[in-house]
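Here the structure comes first, spelled out in structure tokens, and everything after it is commentary.
The values are calculated or read from the model by the stated rules, or taken from the named source; none is laboratory data. Quantities reported herein were computed from a predicted structural model and do not represent experimental measurements. We place every Cβ from the backbone using ideal geometry, glycine too, and count neighbours over all the protein chains shown. Ligands, DNA and RNA are excluded from the accessible area calculation, which covers all protein heavy atoms including side chains. Shrake-Rupley method; radii C 1.70, N 1.55, O 1.52, S 1.80 Å.
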Amino acid sequence: MEELLARRQTDRYAAGDAPSMADICLFPQAVNAERAGLSLDQWPRITAVVARLRAIPAFAENGPAPRT
């Protein structure tokens, strides 16, 4: 995914300048990886997209629940 995002360097999200189905699929995978203790730092483009998505209430409110 990082390679694919590198080809679209000017896009704010996974497949353009607006969230799309690609982001709907990417977001929970990234959040679950973080929940499992995996740092996304090695994938800076994915990290940037996920950060932008977290700023959108629909994503922030409906993503996977934090571990308790």
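Looking across the range 39-54, the residues that are farther than 14 Å from residue 1 by Cβ and either of a type in the set (D, E, K, R) or open to solvent by 80 Å² or more (accessible area, probe 1.4 Å) (or both) come down to 41, 52, 54. Cβ-Cβ distances below 9 Å connect the following pairs, each with a first residue in the range 36-61 that is under 18 Å from residue 24 (Cα atoms) and free of Cβ contacts under 8 Å to residues at least 40 places away in the same chain, a second residue that is among the polar types (S, T, N, Q) and in a helix (DSSP H, G or I), and a separation of six or more residues or different chains: 40/47. If only residues of the range 1-34 that are of a type in the set (Lys, Arg) and surrounded by 13 or more Cβ atoms within 10 Å (Cβ to Cβ) are counted, the one that is farthest from the chain's Cα centre (by Cα) is 8.
Go through the range 13-66 and give me each residue that's of a type in the set (A, V, I, L, M, F, W, C) and touching a Lys or Arg at 6+ places or on another chain (Cβ under 6 Å).
Within the range 13-66, 60 is the sole residue that qualifies.
Here the range 55-68 is the region considered, the condition is being of a type outside the set (Asp, Glu) and over 18 Å from residue 12 (Cα atoms), and the residue that is surrounded by the most Cβ atoms within 10 Å (Cβ to Cβ) is 63.
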